[in-house]
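The values are calculated or read from the model by the stated rules, or taken from the named source; none is laboratory data. Note that the structure is predicted; figures quoted are calculated from it, not measured. Glycine also receives a Cβ, built like all others from the backbone with ideal geometry; neighbour counts cover every protein chain displayed. These accessible areas exclude ligands, DNA and RNA; they are computed on the full protein's heavy atoms, side chains included. Shrake-Rupley method; radii C 1.70, N 1.55, O 1.52, S 1.80 Å.
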Amino acid sequence: MNVDELRQRLTFYRDLGVKDLYKMNPKPAAEPQPEVILPSIAPAGDTLARILEDIGDCRRCRLCEQRGKIVFGSGNEQSRLVFVGEGPGADEDAQGFPFVGRAGQLLTQMIENTASKEGIPIRRPDVYICNVVKCRPPENRTPLPDEMEICGEFLFRQLMAIRPKAICALGSTAAKALLATKDGVTRLRGHWHKWRDIPVIVTYHPSYLLRPYNQNAKREAWEDLKKVLHFVYD
Ligand code: SF4
């Protein structure tokens, strides 16, 4: 609008009896948002190989910054039982496999000793083991909600591709990711829950059981394991 047009417009408003006019400030430009590239939706006939390919050299969350190796999962890809932990630690990050450090050795013992005592003929390679996040959180901190949400999509695809008879959630982070709950392990353990239509047992993370004062928790974890092993393999 030029000066003459503006003058005419103001004269028109004055004739209408309008005395005051206010200038509106333009809206501030929206802050640029960091781009989040979400994992793709599970395609029909999804497989673990396809998921691994989709993960690629993943940089979808900040956990990529300090990771050594992506820890996808290991074990029997047709397993009827899947264990889900929290995230890789230092040993897992270096080797690229889940549960290979001290906590992993304890998990192996728990699975194999309980199975053997209960007369269930399985060993650790017969089950599948993975984590909620595939890259090691710095200083082994708990994964943050956005990291769990982004990487959790890969976990959900893994679970849908395997379709086990039951899932054992190790620790509260795995329970949170699968059951969308704020309750801790003490409250959740001992009962069956469900992720989609798959039964879920929650028990303590083996690294918690390694602490010397947790003898009661150890006994409870063995009970939980017995329960899930009988449910799956009887
Ligand atoms: S934690 Fe998961 S989403 Fe994040 S960078 Fe690693 S693989 Fe990608």
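In the set 36, 84, which member is within 38 Å of the chain's Cα centre (by Cα), at pLDDT 95 or above and within 16 Å of the ligand (Cβ to nearest atom)?
Values: 36 fails: at pLDDT 95 or above.
Answer to the check: 84.
Name every residue in the range 96-118 that is over 22 Å from residue 148 (Cα atoms) and open to solvent by 70 Å² or more (accessible area, probe 1.4 Å), in order of residue number.
Within the range 96-118, 102, 105, 109, 113, 116, 117 qualify.
For the range 119-145, which positions are surrounded by 13 or more Cβ atoms within 10 Å (Cβ to Cβ), over 17 Å from residue 92 (Cβ atoms) and out of contact with any Asp or Glu (no Cβ under 9 Å at 6 or more places or on another chain)?
Across the range 119-145, the qualifying residues are 126, 144.
Residues that are touching a Cys at 6+ places or on another chain (Cβ under 8 Å) and either modelled with pLDDT under 95 or more than 13 Å from the ligand (Cβ to nearest atom) (or both): does the range 177-189 have at least one?
no
I'd like the residue in the range 103-140 that is within 16 Å of the ligand (Cβ to nearest atom) and in a helix (DSSP H, G or I) and, out of all such residues, is nearest to residue 207 (Cα to Cα). Write out each step before concluding.
From the range 103-140, those within 16 Å of the ligand (Cβ to nearest atom) are 130-140; that's our starting set.
Cutting the leftovers down to in a helix (DSSP H, G or I) gives us 138-140.
Working: 138: 17, 139: 15, 140: 11 Å.
Applying the filter and picking the extreme gives 140.
Results for (1) touching a His at 6+ places or on another chain (Cβ under 6 Å); (2) farther than 21 Å from residue 199 by Cα; (3) without any contact (Cβ under 8 Å) to a residue 60 or more places away in the chain, shown as yes or no for each residue.
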{"position": "79", "(1), (2), (3)": "no, no, no"}
{"position": "83", "(1), (2), (3)": "no, no, no"}
{"position": "106", "(1), (2), (3)": "no, yes, no"}
{"position": "119", "(1), (2), (3)": "no, yes, yes"}
{"position": "132", "(1), (2), (3)": "no, no, yes"}
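Find the residue count for the range 188-234, including only residues that are closer than 14 Å to residue 167 by Cβ and touching a Phe, Trp or Tyr at 6+ places or on another chain (Cβ under 6 Å).
Total meeting the criteria: 1.
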